[in-house]
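The values are calculated or read from the model by the stated rules, or taken from the named source; none is laboratory data. Remember, predicted model here, so these are calculated numbers, not experimental data. A quick note on method: Cβ atoms are made from the backbone with ideal geometry, for glycine too, and the neighbour counts reach across all protein chains shown.
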Amino acid sequence: MGRLEIDIVARRGDVVAVVEVRTRGQGAWTTGFGSIDEKKRARVRRAGERLWQRRYRSDESVARMRFDAAAVTWVDGEATVEYVVAAF
């Protein structure tokens with residue numbers, strides 16, 4: 001979406017989800033979710049708004065868009081994923 005980045009766009013039924021994905025290693029000073037600050041949320045929302053205007057606004061099969069978040073944590077080479085629906 002121009003200079004705005006969207007990590008994942010997914011669809012289930014009439015809902016489109018824009019998903020922000022953050023990853024952190026074992027020694028990180030903050031969690032993946034903790035790294036999604038107000039500035040990042042605003043950028044993801046702007047990107048989602050642009051996507052809605054360009055792609056989904058006139059698609060009658062889509063009722064709404066939501067913003068989810070996923071945090072991937074790596075420990076000893078294994079990933080753990082936490083997922084929050086309608087995170088922001």
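For segment 1-51, residues that are under 18 Å from W74 (Cα atoms) and either surrounded by 15 or more Cβ atoms within 10 Å (Cβ to Cβ) or aliphatic (A, V, I, L, M) (or both) total 9.
Contact annotation: residue pairs with Cβ atoms under 8 Å, 6 or more positions apart or on different chains, pairing a residue in segment 58-71 that is surrounded by 11 or more Cβ atoms within 10 Å (Cβ to Cβ) with a partner that is aromatic (F, W, Y) and not in a strand (DSSP E or B), are V62/Y56; M65/W52; M65/Y56; F67/F88; A69/F33; A69/F88; A71/F33. Candidates are the residues of segment 29-88 that are farther than 16 Å from I8 by Cβ and in a strand (DSSP E or B); the one that is modelled with the lowest pLDDT is V75.
Among the residues of this structure, R22 counts as one that is closer than 17 Å to V84 by Cβ, modelled with pLDDT of 95 or more and of a type in the set (K, R).
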